[in-house]
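Q: Can you keep this structure in mind? I'll have questions shortly.
The values are calculated or read from the model by the stated rules, or taken from the named source; none is laboratory data. Quick caveat, the model's predicted, so the values are computed rather than measured. Reconstructed Cβ throughout: ideal geometry from the backbone, glycine too, with neighbour counts over all protein chains shown. The accessibility values were calculated without ligands, DNA or RNA, using every heavy atom of the protein model including side chains. Shrake-Rupley method; radii C 1.70, N 1.55, O 1.52, S 1.80 Å.
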Amino acid sequence: MSWAISTLAVGVVTLLLIQRKLYPYFWDDLMYYARVRRVGSAMMARMKRGVVTYLQCFELQARNIPEKPFVVFEEQILTYRDVDARSNRFAHVLRSHCGLKHGDVVALLMNNEPDFICVWFGLCKLGCEVAFLNFNIKSQSLRHCLRSCGAKALVIGPDLIRCVDEVLPDAGLEVWVAAESSTHQSIGTLLDKLESASPEKPVTDAPQPNLMSNFLFIFTSGTTGLPKAARISHIKAVMCMAFLRLCGAGARDRVYLTLPLYHMSASLLGIGGCIELGATCVLKRKFSASQFWKDCVKYDITVFQYIGELCRYLVNQPKTAEEVAHKVRLAAGSGLRADVWTQFLRRFGKIQIRESYGLTEASIGFVNYTDEIGPIGRASYFNKLSLPFEFLKCDPQTYEPIRTDTGHCIKVSKGEAGLLVAPVMFTNPFLGYAGDKAMSEKKLLRDVFKSGDVYFNTGDLMLQDHRDFVYFKDRIGDTFRWKGENVSTTEVSEVLGCLDFLLDVSVYGVTVPGYEGRAGMAAVVLKDGHGLDGDRLYSHLLHTLPPYAWPCFLRVQTSLDVTDTFKQQKGRLVQEGFSPDTVQQPLFFLDASRKTYMPLTAQLYDRIVSGKIRL
């Protein structure tokens, strides 16, 4: 008997040694999969009790933990009961005074503040579909956003009224401001009617929504130029609520949220994550690198959400006493470069980083639940059980998937970059873009591995290494990311094309040492008899595009390279970048302090790449 036990022990130890050698992350993968299953089971159990939607999850917590702080904002503390009651009041006012009802699309343009959440939830209680608007966009994009989502009304924050001045005359919709008074005769007010409204939930004729039906519109930049209104399903929104729990957060955590609420990351992952946990969200009006660690100490922060740029700003700040006195144990987000990741951990203490990847339009995503620096997640057997995905071979010039003679796509080998795709299914729905059927269809790949199957094309190149770690490589198409925002090259090109001294424009993104994403650059052709007017160009950008979309660099050419079908060829431009040693044509640099474009000399270039000049 003892011999058998000894043999079994030796066998188990041998298997463990083999596992550690060949599959070192087996237990990490298995435990994360088990966590995903537990979260899924809890979600299904809630649904059986009638708690189906994002809003219903919040209302459940308002009943279960009414006195627990939900939102902390500056010196305000709002409990789950407070937010529920205030959102009920907004719902009554929005219905009785604004005439809003189930099925109406209402745009929301507000900064980070508690009333963003209360107005949003109030509209949800009426059965309205809310469209989050980016408060950085200018009048042309704002008009487009309002039209494309079919908004009947617009609710705006009092500090953003100036943003709609040019849009109001021809907007064709009702505008309401979350304030007690308004200087605009055409803008109604909400807060003066709020206190007299009931804190009880309004009775509506809104039926229990279908999980596959539309919940929200969130705008995302794309190859069409202007922002696209991505439809967010109820199931997608509910699945997003599990993000913080999957990253390791709990009910006792205090989550610091500095990202704008119009982003999915803040509204669905951040606020939704706090609701799912029953945790407290400390909301910041706007990210401040100098105030960050002071806030973490002041508000007893234990978890924060990030984008890569945020972390880079923090490591570039002067050292402070608060940066080592905090209680932060977990940071969850996306876009964190490996070198910044390393610096961040070395400087700010034992903070667990949970780097991730996700999309606004679909549910496919990754979380790096290990301590490996660099990857966005894992691609093991267990990872594909919950949300299947594949990496496809694609043409290096067109980025279209390569197909076999039978018309089907080919998977890449490990160690080779491939296009990330995921099957369209109940847990990974794609409802498309409002008002843009053609672009919606372009995001779908059909007959990928067998006739009749449909996959969502993320447009992102990924690499799965031999240890099954997944690395983000690049975003294909005419969109790049800068300052934590997506920049549409088509939109920037159209704006630049309005200038009378420019004949032709090609916009693209270039890498800059020490920065996340790509900085904007434009190759321009001047009209005969015209020079580059840097002052006018700066002034034009100031009034038409948000600062993150302004080209940092210009390259003046006599012509642009195009294909036989007259499509711009940007590959060489991207590869050559903005180095005066590589580019033979005149180069210019955006000098925001002088409000113009200055010639880019070798000395200026050296100061930019060394970090002495900040972009």
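Q: Calculate for the chain the 222 nm mean residue ellipticity that helices alone would give, adding -39,500 (n - 2.57) per DSSP H run of length 4 or more and normalising by residue count, nearest 500 deg cm²/dmol. Can you show the working numbers first?
A: Details: 19 runs with 186 residues, N = 615.
That calculation yields -9000 deg cm²/dmol at 222 nm.
Q: Does a label point 7 Å from the Cα of residue 322, set along Cα-to-beta-carbon, have any residues of segment 277-314 with amide nitrogen under 14 Å, and which are they?
A: Answer for this model: 283-302, 314.
Q: Would you mind checking 286/595; 68/125; 68/294; 201/443; 442/473; 350/473 for any pair whose Cα atoms are more than 30 angstrom apart? Could the numbers behind the result be given before it?
A: On the way: 286/595 24 Å; 68/125 21 Å; 68/294 24 Å; 201/443 39 Å; 442/473 21 Å; 350/473 28 Å.
Over 30 Å apart, Cα to Cα: 201/443.
Q: Turning to a different aspect of this structure: Would you mind computing, in nm to one decimal, how far apart the modelled labels at residue 204 and residue 601 are, each placed 7 Å from Cα along Cα→Cβ?
A: Between residue 204 and residue 601, the simple spin-label model gives 6.2 nm.
Q: Need the full-extension length gain, residue 559 to residue 411, defined as separation in residues times 0.36 nm minus the C-alpha distance. One decimal, nm.
A: Details: separation 148, 0.36 × 148 = 53.28 nm, distance 3.84 nm.
Taking 0.36 nm per residue and subtracting the Cα distance, the gain is 49.4 nm.
Q: While we're here: Measure of size requested: the Rg and Dmax of segment 33-188, with Cα atoms as the atom set and Å as the unit; please supply both.
A: Spelled out, the Cα radius of gyration and Dmax of segment 33-188 are 17.4, 57 Å.
Q: Further, regarding this structure: Stick to the Cα atoms of segment 44-101, pair each with every other, and give me the Kirkwood hydrodynamic radius in Å at one decimal.
A: Numbers: mean 1/r = 0.0784 Å⁻¹.
Mean inverse Cα-Cα distance, inverted, gives 12.8 Å.
Q: With a 1.4 Å probe and every protein chain kept in, tell me what percent of the accessible surface of segment 159-216 is carbon plus sulfur. Walk me through the numbers on the way to the answer.
A: Numbers: 1650 of 3390 Å².
Answer for segment 159-216 is 49 percent, counting heavy atoms of protein chains only.
Q: Against the globular-protein guess of 2.2 N^0.38 Å, express the Cα radius of gyration of segment 73-137 as a ratio, rounded to two decimals. Show your work: numbers first, answer last.
A: Numbers: Rg = 12.1 Å, N = 65, 2.2 N^0.38 = 10.7 Å.
After normalising by residue count via 2.2 N^0.38 Å, the value is 1.13.
Q: Extending each Cα 7 Å along its Cβ direction at residue 139 and residue 582, get the distance between those two points in nm, one decimal.
A: So the label points at residue 139 and residue 582 sit 3.9 nm apart.
Q: A further question follows. Note down the magnitude of the dipole of segment 452-593 about its Cα centre, charges +1 on Lys and Arg C-beta and -1 on Asp and Glu C-beta and zero elsewhere, to the nearest 20 debye.
A: Details: 12 positive and 20 negative charges, 34 e Å.
The dipole of segment 452-593 has a size of about 160 debye.
Q: OK, next. Summing +1 for each Lys or Arg and -1 for each Asp or Glu, what net charge is found among the other residues whose Cβ lies under 13 Å from the Cβ of residue 585?
A: Details: positive: 555, 572; negative: 561, 576, 581.
Every neighbour counted, the sum reads -1.
Q: Under 16 Å between alpha carbons, and skipping anything fewer than 8 positions from residue 450 in its own chain: which aspartates and glutamates qualify?
A: Within the straight-line cut-off, residue 450 pairs with 390, 405.
Q: I would also like to ask the following. Quick one: putting +1 on the C-beta of Lys and Arg, -1 on the C-beta of Asp and Glu, what dipole do you get for segment 300-453 around its Cα centre, in Debye to the nearest 20? The partial results should precede the final answer.
A: Working: 20 positive and 18 negative charges, 72 e Å.
Dipole about the Cα centre, nearest 20: 340 debye.
Q: Per residue of segment 343-348, what does 6.51 cos²θ - 1.76 cosθ + 1.60 with θ = phi - 60° give for ³J(HN,Hα)? Whole Hz please, x for Gly and Pro, Karplus curve as stated.
A: After applying 6.51 cos²θ - 1.76 cosθ + 1.60, I find 4, 4, 5, 5, 8, 9 Hz.
Q: Could you give the accessible area per residue of the chain, probe 1.4 Å, as a whole number in Å²?
A: Working: 27320 Å² over 615 residues.
Each residue of the chain exposes 44 Å² on average to a 1.4 Å probe.
Q: Figure the gain on full extension for residue 498 and residue 615 (residue separation times 0.36 nm, minus the Cα-Cα span) and round it to one decimal in nm.
A: 39.6 nm
Q: Okay, moving on. Let me check against my output: what whole-number percent is the relative contact order of the chain, with C-alpha pairs under 8 Å and at least 6 apart?
A: Working: 1184 pairs, mean separation 59.9, N = 615.
Once normalised by length, the contact order is 10 percent.
Q: Above 22 Å lies some portion of the pair distances; for segment 150-225, what is it as a whole percent of all C-alpha pairs?
A: Details: 1342 of 2850 pairs.
Percent of Cα pairs beyond 22 Å in segment 150-225: 47.
Q: Along segment 510-523, what does the Karplus equation 6.51 cos²θ - 1.76 cosθ + 1.60 (θ = phi - 60°) give for ³J(HN,Hα), rounded to whole Hz, x for Gly and Pro?
A: So the Karplus estimates, Gly and Pro as x, are 10, 7, 10, x, x, 10, 6, x, 9, 7, x, 9, 10, 8 Hz.
Q: Please name whichever of 247, 490, 603 sits farthest to the positive end of the charge dipole of the chain, dipole taken about the Cα centre and charges placed at Cβ: Lys and Arg +1, Asp and Glu -1.
A: Of the listed residues, the answer is 247.
Q: What does the C-alpha gyration tensor say about the overall shape of segment 227-287? Classify as rounded when a/c is under 1.5, otherwise prolate if a/b is larger than b/c, or oblate. Don't skip to the answer; put the middle values down first.
A: On the way: a/c = 2.72, a/b = 1.25, b/c = 2.17.
Oblate shape, in that a/c is at least 1.5 and b/c is the bigger or equal ratio.
Q: Related question: Sort 86-94, 365-373 by packing, meaning the average of other beta carbons within 10 Å per residue, with the highest value first. List each step's numbers first, then the result.
A: Numbers: 86-94: 24.3, 365-373: 19.0.
So the order, starting with the most tightly packed, is 86-94, 365-373.
Q: I need the peptides 574-581, 126-133 ranked by packing, meaning the mean over residues of other C-beta atoms within 10 angstrom, with the highest value on top. Let's see the in-between values first.
A: Working: 574-581: 15.1, 126-133: 23.8.
Peptide ranking by packing, descending: 126-133, 574-581.
Q: Now for a different question. Arranged from highest to lowest average of other beta-carbon atoms within 10 Å per residue, in what order do the peptides 203-215, 412-424 appear?
A: Working: 203-215: 13.2, 412-424: 18.6.
Top to bottom by mean Cβ count within 10 Å: 412-424, 203-215.
Q: Right, next: Among DSSP bridges having both ends in segment 243-384, what percentage is antiparallel? Round to the nearest 5.
A: On the way: 2 of 18 bridges.
The antiparallel proportion sits near 10 percent.
Q: Also, I was wondering about something else. Subtract the Cα-Cα distance of residue 252 and residue 196 from 0.36 nm times their separation in residues, and report this length gain in nm to one decimal. Provide the component values of the computation, followed by the final result.
A: Details: separation 56, 0.36 × 56 = 20.16 nm, distance 3.46 nm.
Contour length minus the Cα-Cα distance gives 16.7 nm.
Q: For semi-axes √(5λ) of the Cα gyration tensor in Å, pick the label among (1) 37, 35, 25; (2) 57, 29, 26; (3) 45, 25, 23 that corresponds to the value derived from the coordinates.
A: Identified label for the calculated read-out: (1).
Q: List the residues whose amide H sits under 5 Å from the amide H of residue 449, counting only those 5 or more places along or on another chain, with H placed 1.01 Å from N in the peptide plane.
A: For residue 449, whose amide H was placed from the backbone, the distant partners under 5 Å are 409.
Q: Under the definition of Cα pairs under 8 Å and six or more residues apart, what whole-number percent is the relative contact order of segment 355-502? Don't skip to the answer; put the middle values down first.
A: Numbers: 246 pairs, mean separation 30.8, N = 148.
Relative contact order for segment 355-502 comes out at 21 percent.
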